[in-house]
């Protein structure tokens, strides 16, 4: 009887285990020489720099993440979780296992992000105004392309698992 009970528990555990989803893989975002506005709501990490502009960071509720910003001429707390950094030649690094939000309005953006999340990207290109190049973007390991001139939704996701 004990053997039969152990066998039933073993089969139930195997059935539950086989239905479990494997961990989701991280997506990536890379921007080179960007002139854009963007927002990311993500878990993971982002590192970058820009020549001139404004960076707004909203920490996760637990405040367990790491936010490092260097070179900001101005720093202003909007509330207990949100800080705005502005100026020239700003470098930043943000890492958090919980969801955080980064909004960036800047020129000469160079950044890399790895994790899972979503947001939008809006380049400053304006062919009628003579601005033809607003930087390059690669999303989730795809080829580099011009940053879109109109706001475009982006999603950081890994490739589908082939299990």
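Applying 1/(1 + (r/R0)^6) with R0 = 25 Å to the Cβ-Cβ distance of residue 136 and residue 47, what FRET efficiency is obtained, to the nearest 0.05?
FRET efficiency, residue 136 to residue 47: 0.90.
So for the pair residue 61, residue 76, with labels modelled 7 Å out along Cα→Cβ, what separation do we get in nm?
Taking the two extended label points, one gets 2.8 nm.
May I ask you to sort 133, 100 by Cβ crowding, counting other Cβ atoms within 10 Å and putting the fewest first?
133, 100
In percent, what relative contact order does segment 25-156 have, based on Cα pairs under 8 Å that are 6 or more apart in sequence?
Once normalised by length, the contact order is 40 percent.
Every number in this text was worked out from the coordinates using simple rules, so none of it is lab data. All figures in this text were calculated on a predicted structure; none of them were measured in a lab. All Cβ positions, glycine included, derive from the backbone under ideal geometry; neighbour counts span all protein chains shown.
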